[in-house]
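Structure first, then comments.
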Amino acid sequence: MHHTNLALTAAMQEVESGSTGYLSSSPLELLRERVISAIENVPFYRELYGPFGAVPPLEGFLEWFQRLPVVNKSQLQAAGEARLLNPRYSPSELIRKPTSGSTGVPFTLMLDSRVFIFRKWRFQKPHLQLVSSASNQLTYVFPWDFVVRTPQEARQMASANSQGESSKRTTVREPEPLERQVKDHQQRFTALPKKAKRHGTDSPPEEAQTQAANKAFTVNSLLPPKELYESVIELEPASLVGFASVIAGLARWMRKEQLRLPTIKQVWTTSEVLSPEGADAIRQVFGCEPLKIYASNEFGFIAWQAEKDAPLRIESDRLHVEFMRPGEQTLAGMGELSRVVITDLLNDTMPLIRYDIGDLARPRGPFRVTDSLVCATLDGLEGKEADQIQPPDGRSVTTFQILGAIKDTLPNAQYRFVGLSAERYVVQYVPGVGFDPANLEKTTAVLKEMLGEGIELLTQKTDAIQRERSGKLRPVVNLAKVAPGMQRKIAESLGVLPLLKVDEKQVARSLVGAALAKVLPLFKDTGTLDESLELYADLSISSLQFVQLLAALEKELAREIDDEDLLDAELITVGDLVEFVLRLGKTTHEG
């Protein structure tokens, strides 16, 4: 842990100095320490890496490391917190960081306070290095508490101040040294009062502006466009950072109202694929080229773009990033569409090692940032692998390709593309001012040509394109790649459930086969299921394995299986289990 401790000390010094740079610790040394610590302390990794032998010395380590299995969110969720958490840390002292669950698999990460502080601080790097050394000229546009959290007592104080109640204060005990670091860092970011979360129009508190003159602000992206604009223009930021759909939506509204934000010098969008039409709106209204920030809840600030058409620079001093071919365990070549696999070099509490984040991107050449550090780079962020469309001919069509086709043929509308199956798709749209229904025919023609023969393409007029709970807007959703238990639930939330054609019996067989494969080491899920096999006589399932089987089915079905469900169930054969799952599914849908 020698190199890790040095790196964390340097990270806290960077935060305290108020300037961004790069850690001097060797990324390869940090990577090796992460693996050694995970094997020594974390049951999940100890078992996973056991067959690969002892960790070699630094020379030869990277070659050995690249043989280790790649893991994903579903595997970690199935493992459970107890098998993922390093027992050297007390859970009560860690910060819980849930993922958005946008792929149907939510997951909660446990972070050491120093790691939590540092990775949030790094979000300021693009602004501080390219635009201004003053943090108060940076404004985030995110749902409340997404990236920047203000402590509860600070929110209460801010709300009181905005109402002219500055004399009332909440007494807070003097924090311990580490707590003080957390509190000081969080107070670098001053957010609008919490009552503005959905529909308020509160201005930033005066005390926050005068006493904390060099703090970044957060404006809640859930505000209506008019109130969002009023909040941002009062802050007079030089840089704007937020969800792509939110900033593009604000730009469209400002263009319609013929308004401008004259202080804005640069805009960075993140967490969503920015549509070509949205990028055009940002250029017209803000007078700058929208650049990209790549970030996630699992890793925080990952990479950023410094100029138009430049690749994104990865935070290689604290993240080890690999690019893998889709469906393979081999490294991708330069410019090849790849899965993004990341290892957090500082997170020792609940390590993420060779973690497939689910995104697709293209690797580019290395970029030297210091004499001793070369950062990896990427471009072509093309959405989630789970949302990649695969029509019947076996090709892969990315989110960016779909959005580009719709943008060119369906102006003056909001839209979402939903894959119902490999053969069936729907374009949802919300007409705007100047919308021409004749463009729907052009859109379907272009998409049919892109997706090939043998597909059915529907259009669906809807009142609104709903955001996810995280505040993100997914413009392309492929239900064909969603676990069967979640598929109907997501389809219902999207408003496409009546269009979803499902073979319930085949879904039940698929769920049972997947669950048996997870629980029984010798069972192979080949896609065909022998329903005559007896669970106990033929598969030799134990009572413990039966409980694990029910738990696996609960995750697949996205519902609990309680005693009442089991009361009249005679589960002797695999076929009985299929019928049981079929009944549970119908009960869930009716409820």
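The values are calculated or read from the model by the stated rules, or taken from the named source; none is laboratory data. Every value quoted in this text rests on a predicted model; they were computed, and no experiment measured them. All Cβ positions, glycine included, derive from the backbone under ideal geometry; neighbour counts span all protein chains shown. Note: areas computed on protein heavy atoms with side chains; ligands, DNA, RNA excluded. Shrake-Rupley method; radii C 1.70, N 1.55, O 1.52, S 1.80 Å.
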Requested in this report: Would you mind computing, in nm to one decimal, how far apart the modelled labels at SER493 and ASP408 are, each placed 7 Å from Cα along Cα→Cβ?
Outcome: 3.3 nm
**Report entry** Within straight-line cross-link reach of LYS97, aspartates and glutamates at Cα separation under 14 Å, skipping those fewer than 8 residues along the same chain
**Finding:** GLU81, ASP112, ASP145, GLU298
Report summary line: The FRET efficiency for ASP568 and LYS448, from their Cβ-Cβ distance with R0 = 45 Å and rounded to 0.05, is 0.40
Query raised in the report: From a point 7 Å beyond the Cα of GLU47 in the direction of its Cβ, which residues of the stretch 320-359 have a backbone N at a distance under 18 Å?
Result: 350-353
Query raised in the report: Taking amide hydrogens as modeled 1.01 Å from N in the peptide plane, which residues meet the under 5 Å criterion relative to THR459, leaving out close sequence neighbours?
Result: VAL427
Report task. Among the GluC sites (Glu not before Pro) in the stretch 268-316, which ones are in a DSSP loop with at most 15 other Cβ atoms within 10 Å of the Cβ? Mind listing them? Result -> GLU307
Report summary line: the stretch 340-454: relative contact order from alpha carbon pairs under 8 Å, six or more residues apart, as a whole percent, is 17 percent
Report task. Return the sequence-ordered ³J(HN,Hα) values of the stretch 562-567 in whole Hz as given by the Karplus equation 6.51 cos²θ - 1.76 cosθ + 1.60 applied to θ = phi - 60°, using x for Gly and Pro. Result -> 9, 4, 5, 5, 8, 4
**Report entry** Sequence ranges 72-80, 568-576, ranked by mean other-Cβ count within 10 angstrom, highest first
**Finding:** 72-80, 568-576
Query raised in the report: Given a 1.4 Å probe and every protein chain left where it sits, what share in percent of the accessible area of the stretch 215-346 is carbon and sulfur?
Result: 49 percent
Report summary line: Using alpha carbon centers only, the stretch 379-393 is separated from the stretch 111-128 by a whole-angstrom value of 30 Å
Report task. For each pair in LYS256/LYS448; LYS292/LYS384; LYS384/LYS489, compute the distance between the two Cα atoms and list the pairs where it is over 26 Å. Result -> LYS256/LYS448
Query raised in the report: With every protein chain present, what is the per residue accessible area of the stretch 312-386 (1.4 Å probe, Å²)?
Result: 32 Å²
Query raised in the report: Which far-off residues, 5 or more places away or on another chain, put their amide H under 5 Å from the one on ILE541, with H placed in the peptide plane?
Result: TYR536
Query raised in the report: Which whole-Hz couplings ³J(HN,Hα) result when phi for each residue of the stretch 435-441 is put into the Karplus expression 6.51 cos²θ - 1.76 cosθ + 1.60, θ = phi - 60°, listed in order with x for Gly and Pro?
Result: 5, 10, x, 5, 5, 4, 5
Query raised in the report: What translational diffusion coefficient, in µm²/s and rounded to a whole number, does the Stokes-Einstein relation yield for the stretch 1-116 at 25 °C and a viscosity of 0.890 mPa s, taking the hydrodynamic radius as the Kirkwood radius over Cα pairs?
Result: 152 µm²/s
Query raised in the report: What accessible area per residue comes out for the stretch 397-502, rounded to a whole number of Å², with a 1.4 Å probe?
Result: 48 Å²
